[in-house]
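Undergrad: Pasting a structure here, questions to come.
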Amino acid sequence: LFYAIFGNIMRASLLDGGVESVYQNDAIVPAENCAPLVCNFYQSDGRALPVAIFVLQDYLLFYALKQGQEDWQRHSISSSSDEPRSPVICGGSVVLTSQHGKIFELNLNGNSPTSNLIVSDEHLFSAPVVVNNQIYFEAVHKETGQRKIGCYRKEASKISYENIGDETVSSLDAHQSVLANPPLTDESRLIFSDYYGESMY
């Protein structure tokens with residue numbers, strides 16, 4: 001079991017209960033409300049590379065096991081003043097949204113990772129979820145409070161929106177705890193609760 005604490009990535013053995021620090025750096029400051037991610041990336045020769053991804057305040061930290069040796073990679077993300085959300089994997093890319101309406105995509109297909117940043121200053125974003133190889137999330141318009149379904153289409157690098165009925169949020173600050181989590185999905189539908197938690201869409 002790997003987990004991040006201030007200044008360290010820790011490894012705990014589920015067999016004997018032993019705990020040790022495997023990577024130390026004063027810049028390791030875990031982002032709030034962000035789950036780590038474990039996935040396989042496929043290299044150019046087709047081999048699967050298991051990777052653990054930790055979301056820190058200013059960057060993503062990747063841990064990979066290559067030929068029995070630890071390998072750490074850092075990839076810068078948006079400023080710590082804009083809280084990142086928990087990441088997802090979609091089409092060979094790590095994708096994460098941010099509190100203030102940014103989408104960060106890191107494409108790991110190929111030997112040199114490339115990043116893409118999409119900015120939407122008018123909305124707040126929830127954590128994302130993947131359905132049919134598309135990225136979905138809740139978006140709230142900062143001025144009107146209108147709740148929306150946001151969709152990020154990687155192939156076009158575009159965000160589209162659809163209103164969730166005529167429902168508006170009266171307090172953006174109070175709604176932040178909802179936005180820290182992704183919508184529910186059964187992989188064919190998206191499920192949102194209403195602002196008061198009494199109805200489902």
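Undergrad: Counting only Cα, what are the radius of gyration and maximum Cα-Cα distance Dmax of the chain, in Å?
TA: Here Rg and the maximum Cα pair distance are 17.9, 55 Å.
Undergrad: For the chain, which span is the longest to avoid every loop-located (per DSSP) member of trypsin sites (Lys or Arg not before Pro) having at most 11 other Cβ atoms inside 10 Å?
TA: 48-188
Undergrad: Ordering D58, D16 by how much accessible area each has at a 1.4 Å probe, largest first, what is the list?
TA: D16, D58
Undergrad: Positive end of the dipole of region 101-201, charges at C-beta (+1 Lys, Arg; -1 Asp, Glu), about the Cα centre: which of F192, N132, N109 has its Cα farthest in that direction?
TA: Working it through, the farthest residue towards the positive pole turns out to be N109.
Undergrad: Still on this structure: Just report the Cα centroid separation between region 153-185 and region 23-46, whole Å.
TA: 25 Å
Undergrad: Please list, by residue number, every one of the GluC sites (Glu not before Pro) in region 117-201 that is coil in DSSP and has at most 16 other beta-carbon atoms within 10 Å.
TA: The qualifying sites are E122, E143, E155, E187, E198.
Undergrad: Let me know the shape class of region 100-139, please: from the alpha-carbon gyration tensor, a ≥ b ≥ c as square roots of the eigenvalues, rounded when a/c is under 1.5, otherwise prolate if a/b is greater than b/c, or oblate.
TA: oblate
Undergrad: Now a separate question. Of all chymotrypsin sites (Phe, Trp or Tyr not before Pro) in region 1-44, which ones are in loop regions per DSSP and have a Cβ with at most 14 other Cβ atoms within 10 Å?
TA: Loop-located and lightly packed - F6.
Undergrad: Which of the three applies to region 1-99, rounded, prolate or oblate, going by the alpha-carbon gyration tensor with a ≥ b ≥ c and a/c under 1.5 meaning rounded?
TA: It comes out oblate by the Cα gyration axes.
Undergrad: Could I ask something else about it? For region 14-59, evaluate the Debye formula with one uniform point scatterer on each Cα (no solvent term) and list log10 I(q)/I(0) at q = 0.20, 0.24 Å⁻¹, rounded to two decimals.
TA: -0.91, -0.99
The values are calculated or read from the model by the stated rules, or taken from the named source; none is laboratory data. A quick note: this is a predicted structure, and the numbers were derived from the prediction, not measured. As a convention, Cβ positions derive from the backbone with ideal geometry for all residues, glycine included, and neighbour counts pool all protein chains shown. In case anyone asks, the SASA skips ligands and DNA or RNA and just uses the protein heavy atoms, side chains included. Shrake-Rupley method; radii C 1.70, N 1.55, O 1.52, S 1.80 Å.
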